[in-house]
1. Anything in region 219-265 that is at pLDDT below 80 and either open to solvent by 50 Å² or more (accessible area, probe 1.4 Å) or not in a helix (DSSP H, G or I) (or both)? List them, or say none.
2. Are any residues in region 302-327 in contact (Cβ under 8 Å) with a residue 40 or more places away in the chain and either over 21 Å from E6 (Cβ atoms) or not in a helix (DSSP H, G or I) (or both), and if so, which ones?
3. Is there any pair linking a residue in region 130-157 that is under 27 Å from D97 (Cβ atoms) and free of Cβ contacts under 8 Å to residues at least 60 places away in the same chain to one that is in a strand (DSSP E or B) and open to solvent by 80 Å² or more (accessible area, probe 1.4 Å), with Cβ under 7 Å and at least six apart or on different chains, and which?
4. Looking at (1) of a type in the set (F, W, Y); (2) more than 30 Å from K258 (Cα to Cα); (3) not in a helix (DSSP H, G or I), can you tell me which one W44 breaks?
5. With respect to L92, determine if the residue is under 22 Å from P386 (Cβ atoms) and at pLDDT 95 or above.
6. With a cut-off of at least 3 residues that are closer than 30 Å to S28 by Cβ and not small (G, A, S), name the helices (runs of 4 or more DSSP H) lying wholly within region 50-141.
7. Take the conditions open to solvent by 20 Å² or more (accessible area, probe 1.4 Å), modelled with pLDDT of 95 or more and in a loop (DSSP other than H, G, I, E, B) and apply them to L203. Does it pass?
8. What tally of residues in region 95-114 results from selecting those that are of a type in the set (S, T, N, Q) and at pLDDT 90 or above?
Amino acid sequence: MDFSLEYTAEQEEFAKTVREWLKVNVPSGLVNVRDTVKMDQEQWQKRREFTRKLGQQGWLYPGYPREYGGGGLDEDQRFVLMQELAIPGLGLPPLYDTGVLAAPAVMAYGTEEQKKRFLPLIFKGEVLTWQLFTEPEAGTDEANQQTNALRSVREKDYFVVNGQKIFVGSFPSKPEQLYLLTRSDLKAPRHQNLSSFLIPADLPGITVQPLDLFPLSTFASVSGSTAANIAGVKHSVFFDDVRIHESHLIGREGEGWKVTNATLEVEHSGGAGIVRDFVAEKFLDQCRNNSNVLSRLKENPQLPDSLVEIYIGAQIERLFSMRNMAGKGGRYEGPQLSLFSKMFGTRVTAAMAQVLGPSTFTDDLQWGMDEGIFEVGQRCGICLAPGGTPEALKIGIARALAIGR
């Protein structure tokens, strides 16, 4: 695959298939949103319906094997699918579903029985999954888990879980299952004392409490074709003597760190691909067509430099993403894209505020611009933590290049 946006003949043929399918299967009345918190239940249910249709087609998780419910598509086909989904403001996977992070762990370390039990439900959109890794004392340092999943003294085939997870989940969805990392041995050395589980979300002893945050997610999350895939509202999840059968253990007991790394490689990969930066595109449209913005640019000769920086940055981000989708970036490709996108977000939001002025900071229909997309971008441009902090991503790049931190 080259870096052109032009389809090959084979890609164009597949694109026609996708377009015809979308005409029939995109629910009528589906509206794109930039602020997930403003999505009502009707719109959420429409997306859930579309999620299942994608899953039935094998396109919800298009790169995974068909035998487990994936699409078995190659890189070129996945690129086309993402491009065509972006046109009506859709993306992969729809809704905030961290099954995309649980699936690699199950594929790498799950038993064949677990693959057949868990993966088809994820790949077909039948369950929504929340990832439970972060704790008050275990953020960037994921190995510092304080939540315990200890073998029951009386029932040896059960673990009993106690502890707290934070920055979990989304709005307005509710999960059917939880992907959980815990400490399972109080005496074993660090990295050998952890275990991973994929469990039902309605087990007795689980309590979920909202944790409202100012930003929705990172800038890259809200600048794509849709923001319906981001969290919006996070939660704290408490475990009080929650019993988990060992059949939900992914990998062996004590191998949680290995399992987690299968997830982190995906989570720190920069996402499924940034084919277009819609915030940057709409910003440049304002600079071309909004008379008030044009006046600001003429009055301040330094502002056009910001336009150039934003345009170039958006193109670099796109090319990094296309390189990664083609599998040409090496082991460092994921954290490199993610790091660039996060730092670009901090720069682009400041530049947009300088050029567009006060309208950047409101989603008011009269005073804002483009249905508040810039206001959402301003809030999320300051958010660097989801998907790995910049320092964690730098460590990942250093390890991939076999150089010091």
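The values are calculated or read from the model by the stated rules, or taken from the named source; none is laboratory data. None of the values given here were measured: they were computed from a predicted structure. Heads up, the Cβs are rebuilt from the backbone with ideal geometry, glycines too, and the neighbour counts pull from every protein chain shown. Keep in mind that these areas ignore ligands, DNA and RNA; they rest on the heavy atoms of the full protein, side chains included. Shrake-Rupley method; radii C 1.70, N 1.55, O 1.52, S 1.80 Å.
1. Those that are at pLDDT below 80 and either open to solvent by 50 Å² or more (accessible area, probe 1.4 Å) or not in a helix (DSSP H, G or I) (or both): S223, G224, S225, T226, A227, A228, N229, I230, A231, G232, E265.
2. L303, S306, L307, E309, I310, A326, G327
3. Cβ pairs passing all conditions: T134/F167.
4. So W44 meets the others, but not (3).
5. no
6. 75-86, 112-123
7. yes
8. Number satisfying all stated conditions: 2.
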